[in-house]
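Heads up, the thing below is written out as structure tokens.
The values are calculated or read from the model by the stated rules, or taken from the named source; none is laboratory data. Given the structure is predicted, the values throughout are model-derived calculations rather than measurements. Cβ sites come from the backbone with ideal geometry, for glycine too, and all protein chains shown count toward neighbours.
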Amino acid sequence: MKAIIGVIGAGTMGAGIAQVAAQAGHKVVLTDTNPDQLLRAEEQIKSSIEKLVHKGKLTAQLGQDAINNLRFSTQLSEHSEAGLVIEAIIENLTVKHQVFEQLEQVVSQDCILASNTSSLSIASIGACLQNATRFMGIHFFNPATLMPLVEVIPGVATSIEHTQHIEALISGWNKTVVVCKDTPGFIVNRVARPFYGEALRIYEEGLADFATIDWAMTHIGGFKMGPFTLMDYIGNDINYTVTETVFAAFYYDPRFKPSFTQKRHMEAGFLGRKSGRGFYDYKEGSMLATPHENQALGQQIFERILVLLINEAADAVFMQVASPRAVDLAMTKGVNYPKGLLAWADELGASWVLERLELLFAEYGEDRYRPNPLLRRIAREQSKFIL
Ligand code: NAI
């Protein structure tokens, strides 16, 4: 029999995670302290399942089974039968501790506990538990029903058996699972930083405007969305906060330095699509920004952002955050990059990437451009990241 899955927090992420588990055939209990939020989540899940059935992606029977699998409650004690409980409440360590302390009194000894946190460390959340060997991060991406990637993050106290169990379980939910170390930003939110940060820097230096940088990354680089379109989509408040959190968590490493341009947009209320204006204007009748389609400039922009992304991917491998394959899977399945960054480096040649980084480092003398030692080694040995 499949384990009962508990999800705490019926907001954006919790509702999506509950739906994924219910569609995978588990009985699911979704709890939230706010009854209105539970009603909203129930409606949202039902309408999402109905759409899947309508589109032929799910049979009517499986859709009905998934709905029947779900139970909604305001009581944490409803998780007493669960084999796994995933917490997806507000990103606040004190509140998360309160919930986990209570939860540990309710669940069985062998129930695995997890947090969907994006920015808190797994070690810090698990510290409140009497048995932290059964606690880990299970990080879904938004929207959880559509994004295939799940990062599984064991903390320093987590047992290997529990990690392996969860890796196998979530892989059975039609998800791509990557295991990574408990370090700031895990894989995706760390490795993706230069996509935004270097684009903003190029703009701030006056090399190109938003539309031209976006054009370079989509038309020359093959990315689905340019950095400014994507920041507007995510929301400048959210994207800026992630950058600031990662920057602070890395002891203010200049590689992750946030941008004044993005901060000013956020302060002005130019949050992106959701506020009608971000880097671009989304109001009815507003003019579309047109790029300067200069091939040489576009190529320069694309290469500069790409080599910084590859350098960050190499650093994640160098610092044992995850394997090269896991890093590439994370970036293709978590943020839809057209290719895995390390496979891309192998294709271009590590020396080609290193040469460009060294030119940037020589020009600027800034640490954000320092080439990673693993990249240097692979270039020197004429080897590859993915063997
Ligand atoms: P949200 O604000 O949409 O939902 C949070 C829910 O938790 C609310 O329904 C609230 O009523 C409930 N809640 C608050 N305190 C509670 C408590 N003590 N007990 C039970 N329920 C409580 O938040 P969202 O965006 O779903 O984020 C949840 C978690 O997932 C956070 O840790 C966040 O960092 C993480 N996350 C968010 C992503 C996103 O794109 N929104 C992506 C990946 C992770």
Residue pairs within 6 Å by beta carbon, gap of at least six or interchain, first lying in segment 146-169 and in the same structural domain as I49 (by TED's automatic domain parsing), second among the basic types (K, R), listed first then second, are P148/K175; P148/K333; L149/K333; V150/K175; H162/R134
Candidates G285, G298 - the one that is touching a His at 6+ places or on another chain (Cβ under 9 Å) and either over 19 Å from A192 (Cα atoms) or surrounded by fewer than 16 Cβ atoms within 10 Å (Cβ to Cβ) (or both)
G298
Name the residues in segment 268-317 that are over 26 Å from the mean Cα position of the chain (by Cα) and under 20 Å from E355 (Cα atoms), would you?
A296, L297, G298, Q299, Q300
Look through E91, E50, E101 and report the one residue that is in contact with a Cys (Cβ under 6 Å, 6 or more places away or on another chain), in contact (Cβ under 8 Å) with a residue 12 or more places away in the chain and more than 14 Å from V7 (Cβ to Cβ).
E101
Residues located in segment 16-69, provided they are in contact with a Leu (Cβ under 7 Å, 6 or more places away or on another chain) and either among the small types (G, A, S) or not assigned by TED's automatic domain parsing to the domain that holds A114 (or both)
A18, A22, A41, G63
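How many of the residues in segment 149-177 are within 14 Å of the ligand (Cβ to nearest atom) and either small (G, A, S) or not in a strand (DSSP E or B) (or both)?
Filtering segment 149-177 for residues within 14 Å of the ligand (Cβ to nearest atom) gives 149-153, 175.
Still in the list and also either small (G, A, S) or not in a strand (DSSP E or B) (or both): 175.
Qualifying residue count for the region: 1.
Test of understanding: among L62, L58, L38, L76, which residue is surrounded by fewer than 21 Cβ atoms within 10 Å (Cβ to Cβ) and more than 24 Å from M1 (Cα to Cα)? Write out each step before concluding.
Values: L62 fails: more than 24 Å from M1 (Cα to Cα); L58 fails: more than 24 Å from M1 (Cα to Cα); L76 fails: more than 24 Å from M1 (Cα to Cα).
After applying the criteria, what remains is L38.
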Quick check on segment 195-207. Is at least one of its residues under 26 Å from H292 (Cβ atoms), touching a Lys or Arg at 6+ places or on another chain (Cβ under 8 Å) and within 16 Å of the ligand (Cβ to nearest atom)?
no
Considering only segment 94-104, I want to know if a residue exists there that is among the charged types (D, E, K, R), at negative phi and more than 9 Å from the ligand (Cβ to nearest atom).
yes
Inter-residue pairs, beta-carbon under 6 Å, first touching a residue at least 12 places away in the same chain (Cβ under 8 Å) and in segment 281-294, second assigned to a loop (DSSP other than H, G, I, E, B) and surrounded by 11 or more Cβ atoms within 10 Å (Cβ to Cβ), 6+ apart
Y282/G276; A289/Y280
Scope segment 43-85; condition of a type in the set (S, T, Y), within 16 Å of the ligand (Cβ to nearest atom) and assigned to a helix (DSSP H, G or I); matching residues:
S48, S77
Residues of segment 259-289 satisfying the condition of being at pLDDT 95 or above and hydroxyl-bearing (S, T, Y):
S259, T261, S275, Y280, Y282
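Could we say that R40 is among the charged types (D, E, K, R) and assigned to a strand (DSSP E or B) here? Walk me through how you get there before you give the answer.
Working: among the charged types (D, E, K, R): yes; assigned to a strand (DSSP E or B): no.
Spelling it out, it is not the case that R40 is among the charged types (D, E, K, R) and assigned to a strand (DSSP E or B).
Residues to consider are F210, F260; find the one that is of a type outside the set (D, E), more than 21 Å from M147 (Cα to Cα), surrounded by fewer than 17 Cβ atoms within 10 Å (Cβ to Cβ) and in contact with a helix residue (DSSP H, G or I) (Cβ under 8 Å, 6 or more places away or on another chain). Can you show your working first?
Details: F210 fails: surrounded by fewer than 17 Cβ atoms within 10 Å (Cβ to Cβ).
Only one candidate passes the filter, namely F260.
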Return a yes/no flag: does segment 348-366 have any residue that is surrounded by 17 or more Cβ atoms within 10 Å (Cβ to Cβ), hydroxyl-bearing (S, T, Y) and assigned to a helix (DSSP H, G or I).
no
Matching residues in segment 295-338 - criterion: being outside any helix (DSSP H, G or I) and either without any contact (Cβ under 8 Å) to a residue 60 or more places away in the chain or in contact with a Gly (Cβ under 6 Å, 6 or more places away or on another chain) (or both):
S323, P338
Can you tell which of A88, A114, A127 is surrounded by 15 or more Cβ atoms within 10 Å (Cβ to Cβ) and either away from the ligand (no atom under 15 Å from the Cβ) or over 26 Å from F250 (Cα atoms) (or both)?
A127
